[in-house]
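Bear in mind that the values in this text are calculations on the coordinates, not laboratory data. Keep in mind that this is a model prediction, so the values were computed, not measured. Here the Cβ positions follow ideal geometry from the backbone for every residue, glycine too, while neighbour counts run over all protein chains shown.
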Amino acid sequence: MVSGRKGPAMRRAARLGDGWMPYLYSASAYARSVDAIRAEADDAGRDITDFEWMLYCYCVVRPGADQAREDRAGFFRDASYGEKHEEMLDRIAPAGTPEQVATRLQEYVDAGVRHFVISPATRRDTFEVVRLAAEEVLPRLSVP
């Protein structure tokens, strides 16, 4: 499994890896990475039919959307990522109610993701995030 965010990591994934797992990616960036990896693998004459398409996804699922967004902002600020604008965080780290997060994760599925590693973007009650993701978010997703 190759992880990264830039072209060299995508090239390694296409030529040497069994899969791709970027992080802090928007759904549109993920779609572009899928195209780039497929093109690079094709250029190398490599069959990636069984390639694993993953995403390391920071997210917060809460019953209330405002609390989820507050948790996410605090997490990124405290984790030495600095102040991130809400608009940017919305693109790279879904936060909200189960319905809202499912809508966002479906965008990633539509872009090619088939496996998620869910990492709670909060310092408090992380089990609730994992439970809600497993019970109320992931069952709503469908592969096109």
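Of the numbered conditions (1) exposed (fewer than 13 other Cβ atoms within 10 Å of the Cβ); (2) in a loop (DSSP other than H, G, I, E, B); (3) touching a residue at least 60 places away in the same chain (Cβ under 8 Å), Tyr25 satisfies every one except a single condition; which is it?
For Tyr25, the exception is condition (1).
Looking at the stretch 89-122, which of its residues are more than 16 Å from Ala65 (Cβ to Cβ), touching a Phe, Trp or Tyr at 6+ places or on another chain (Cβ under 6 Å) and among the hydrophobic types (A, V, I, L, M, F, W, C)?
Ala111, Val113, Val117
Given the conditions (1) farther than 17 Å from Pro120 by Cβ; (2) more than 14 Å from the chain's Cα centre (by Cα); (3) of a type outside the set (D, E, K, R), which single one is not true for Phe76?
It fails just one condition, (1).
Does the stretch 35-55 contain at least one residue that is hydroxyl-bearing (Ser, Thr, Tyr), within 23 Å of Ala111 (Cβ to Cβ) and surrounded by fewer than 20 Cβ atoms within 10 Å (Cβ to Cβ)? Step through it out loud before you land on a result.
Kept after step one, since they are hydroxyl-bearing (Ser, Thr, Tyr), are these residues of the stretch 35-55: 49.
Imposing the further condition that a residue be within 23 Å of Ala111 (Cβ to Cβ) reduces the set to 49.
Going one step further and asking which of them are surrounded by fewer than 20 Cβ atoms within 10 Å (Cβ to Cβ), we end up with 49.
Yes, the conditions are met somewhere in the stretch 35-55.
Does Ser3 fit the bill of being part of a strand (DSSP E or B) and touching a residue at least 40 places away in the same chain (Cβ under 8 Å)? Give the steps one after another, and end with the answer.
Working: part of a strand (DSSP E or B): yes; touching a residue at least 40 places away in the same chain (Cβ under 8 Å): yes.
Yes: the conditions hold for Ser3.
Check whether at least one residue in the stretch 24-39 is touching a Ser or Thr at 6+ places or on another chain (Cβ under 8 Å) and not polar (S, T, N, Q), and report yes or no.
We begin by selecting, within the stretch 24-39, every residue touching a Ser or Thr at 6+ places or on another chain (Cβ under 8 Å); these are 25.
From the residues that got through so far, the ones that are not polar (S, T, N, Q) too are 25.
Scanning the stretch 24-39, I find at least one residue that is touching a Ser or Thr at 6+ places or on another chain (Cβ under 8 Å) and not polar (S, T, N, Q), so the answer is yes.
Of the residues in the stretch 106-122, how many are touching a residue at least 40 places away in the same chain (Cβ under 8 Å) and out of contact with any helix residue (DSSP H, G or I) (no Cβ under 6 Å at 6 or more places or on another chain)?
Here is the first cut: in the stretch 106-122, the residues touching a residue at least 40 places away in the same chain (Cβ under 8 Å) are 107-108, 110-122.
Cutting the leftovers down to out of contact with any helix residue (DSSP H, G or I) (no Cβ under 6 Å at 6 or more places or on another chain) gives us 110, 113-117, 119.
Residues in the stretch 106-122 being touching a residue at least 40 places away in the same chain (Cβ under 8 Å) and out of contact with any helix residue (DSSP H, G or I) (no Cβ under 6 Å at 6 or more places or on another chain): 7 in total.
When you look at Met88, is it without any contact (Cβ under 8 Å) to a residue 24 or more places away in the chain and under 18 Å from the mean Cα position of the chain (by Cα), yes or no?
Working: without any contact (Cβ under 8 Å) to a residue 24 or more places away in the chain: yes; under 18 Å from the mean Cα position of the chain (by Cα): yes.
So Met88 fits the description; yes.
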